[in-house]
Amino acid sequence: MGTGEDTPTHGDAITQALESIPSGVVISAVGHRVVHGGEKFVDPTVITDDVVSALEKISPLAPLHNPANLEGIAVARAALPDVPHVAVFDTAFHHTLSAAAFTIPLPEEISESEGIRKYGFHGTSHQYVSRVASTLLGGALEDQRIITLHLGNGSSVAAIRGGKCIDTSMGFTPTSGLVMGTRSGDLDPGVLTHLLGGEHMNVSQAQEMVTQHSGLLALTGSSDFREITSRANGGDERALLGLEVWAWRIRHYIGAYAALLGGVDALVFTGGIGENSGEGRLLATKGLEFLGISVDPYLNSRRSVEPRTISPSQSETSVFVIPTREEFEIASQTAALLGTSR
Ligand code: ADP
């Protein structure tokens with residue numbers, strides 16, 4: 001749920017959501033999405049006062065997300081004090097990354113004191129859609145090599161071998177990796193040191209620039225993929241270039257992750273763009289036939305809310321569209337932790 005005019009804060013949104021639950025519905029637990037679990041939280045965790053204190057300490061690692069998550073937790077715990085509350089972390093699915101994948105080559109004393117490493121985000125989504133893909137693929141889980149593309153306003157890619165994540169495109173923050181709606185994705189650190197060293201901007205302006213004024217918005221003037229594709233179809237040069245830059249970075253990651261996985265059995269599209277934009281999926285897979293990746297134009301153009309295959313039959317690599325269900329995954333993990341039935 002977003003925070004629109006009627007819900008100025010995340011806390012108000014939670015209050016409104018709780019009020020909208022029909023009377024007679026018994027709530028036996030509440031699962032909360034928490035974006036950053038830091039190095040400490042890698043499993044779903046029952047929320048206590050101590051957990052809240054630990055999460056407050058992690059907040060500087062995700063200043064745009066964790067404070068809002070904590071606000072929601074406080075409001076929900078006050079409204080429903082007698083049921084267990086569980087935190088499910090967006091970073092958790094990525095805790096299987098090897099040191100080679102998560103280590104950032106900065107001086108050790110800085111990395112250690114600041115907790116600087118790759119964490120990865122969108123984990124609940126990557127976990128859910130990769131599990132569905134694994135079932136669709138069939139065969140032995142330990143042999144499966146899957147690349148999941150979560151493409152929405154925030155976007156990320158994950159490489160998953162045998163059900164475990166081995167790499168992902170978001171890093172220390174959710175700003176790195178793919179070109180997103182308003183986030184830059186991967187950026188030469190020299191750009192920031194150049195801008196911060198001159199008269200151009202201070203740290204908070206730089207932070208605002210890379211999180212809110214970059215990505216597709218900066219390239220095309222809009223962060224709305226529907227609007228961008230419709231402008232591109234009308235011949236708008238900025239929109240056309242913006243889509244090329246967006247797709248170039250996705251193909252770059254697919255190639256890199258195919259190399260790390262040693263091949264690809266399935267490529268999965270999810271998120272608002274991945275699930276709904278056939279044009280986006282075509283651009284993202286253009287020229288990848290050498291990896292066995294291609295999209296059947298008819299299957300790609302069909303609309304459905306069901307998980308589906310869009311690669312031609314006999315393809316070496318299956319291409320799936322799998323609507324993500326982060327809320328379902330959070331509820332499932334909460335129920336599994338508490339041993340309650342759904
Ligand atoms: P968030 O990261 O905020 O959860 P979403 O996953 O909802 O974002 O994705 C939002 C993006 O999906 C927007 O760029 C929007 O234009 C795009 N999108 C949603 N529906 C469609 C559609 N039918 N066709 C193309 N793009 C779509």
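The values are calculated or read from the model by the stated rules, or taken from the named source; none is laboratory data. All figures in this text were calculated on a predicted structure; none of them were measured in a lab. No Cβ is skipped: glycine too gets one built from the backbone with ideal geometry, and neighbour counts run over all protein chains shown. Ligands, DNA and RNA are excluded from the accessible area calculation, which covers all protein heavy atoms including side chains. Shrake-Rupley method; radii C 1.70, N 1.55, O 1.52, S 1.80 Å.
When segment 220-241 is examined, which residues are found to be under 30 Å from HIS194 (Cα atoms), more than 10 Å from the ligand (Cβ to nearest atom) and not hydrophobic (A, V, I, L, M, F, W, C)? Correct list: THR220, GLY221, GLU237, ARG238. Please work out which residue is surrounded by the most Cβ atoms within 10 Å (Cβ to Cβ), limiting yourself to segment 286-302 and to residues that are in contact (Cβ under 8 Å) with a residue 24 or more places away in the chain and away from the ligand (no atom under 16 Å from the Cβ). This residue is ILE293. Residues ARG117, ARG131, ARG145: which one is over 16 Å from the mean Cα position of the chain (by Cα), of a type outside the set (Val, Ile, Thr) and within 19 Å of GLY263 (Cα to Cα)? Only one candidate passes the filter, namely ARG145.
Could you check segment 303-319 and list, in sequence order, the residues that are open to solvent by less than 40 Å² (accessible area, probe 1.4 Å) and within 16 Å of the ligand (Cβ to nearest atom)? Matches in segment 303-319: ARG308, ILE310. Against the numbered list (1) assigned to a helix (DSSP H, G or I); (2) away from the ligand (no atom under 16 Å from the Cβ); (3) open to solvent by 10 Å² or more (accessible area, probe 1.4 Å), LYS118 comes up short only at (1).
Pairs please, first residue from segment 29-56 and without any contact (Cβ under 8 Å) to a residue 24 or more places away in the chain, second anywhere and part of a loop (DSSP other than H, G, I, E, B) and open to solvent by less than 50 Å² (accessible area, probe 1.4 Å), Cβ atoms under 8 Å, 6+ apart in sequence or on different chains. Close Cβ pairs satisfying both conditions: ALA54/PHE41.
Out of all the residues in segment 174-214, which are more than 14 Å from the ligand (Cβ to nearest atom) and either among the acidic types (Asp, Glu) or under 20 Å from ALA256 (Cβ atoms) (or both)? Selection gives SER176, SER184, ASP186, LEU187, ASP188, PRO189, GLU199, GLU208.
Being among the small types (Gly, Ala, Ser) and open to solvent by 50 Å² or more (accessible area, probe 1.4 Å) is the filter; apply it to segment 72-102 and report the residue that is farthest from ALA336 (Cα to Cα). Here the residue is ALA100. Remark: pairs (first residue in segment 324-336, open to solvent by less than 30 Å² (accessible area, probe 1.4 Å); second residue assigned to a loop (DSSP other than H, G, I, E, B) and of a type in the set (D, E, K, R); Cβ separation under 6 Å; 6+ apart in sequence or on different chains) = ALA335/ARG342. Taking the numbered list (1) within 15 Å of the ligand (Cβ to nearest atom); (2) under 22 Å from LEU61 (Cβ atoms) in turn, LEU217 passes all entries but (2). Here HIS252 clears all of (1) away from the ligand (no atom under 16 Å from the Cβ); (2) under 20 Å from GLY287 (Cα atoms); (3) not in a helix (DSSP H, G or I) except the condition numbered (3).
Just give me the residues in segment 47-92 being among the hydroxyl-bearing types (Ser, Thr, Tyr) and either touching a Gly at 6+ places or on another chain (Cβ under 6 Å) or farther than 17 Å from ARG33 by Cβ (or both), in sequence order. Residues satisfying the conditions are THR48, SER53, THR91. Tell me, please, whether a residue that is more than 11 Å from the ligand (Cβ to nearest atom) and more than 18 Å from the chain's Cα centre (by Cα) can be found in segment 272-283. Yes: one or more hits. Identification of helices (runs of 4 or more DSSP H) wholly contained in segment 1-85 with 2 or more residues that are modelled with pLDDT of 95 or more, among the basic types (Lys, Arg) and in contact with a Phe, Trp or Tyr (Cβ under 8 Å, 6 or more places away or on another chain) yields no element. Selection of segment 135-155 for residues being away from the ligand (no atom under 16 Å from the Cβ) and more than 18 Å from THR96 (Cα to Cα) yields THR135, LEU136, LEU137, GLY138, GLY139, ALA140. Taking the conditions (1) more than 23 Å from GLY278 (Cβ to Cβ); (2) more than 15 Å from the ligand (Cβ to nearest atom) in turn, VAL132 satisfies each one other than (1).
Restricting attention to segment 23-48, the residues being of a type in the set (D, E, K, R) and buried (at least 16 other Cβ atoms within 10 Å of the Cβ) number 1.
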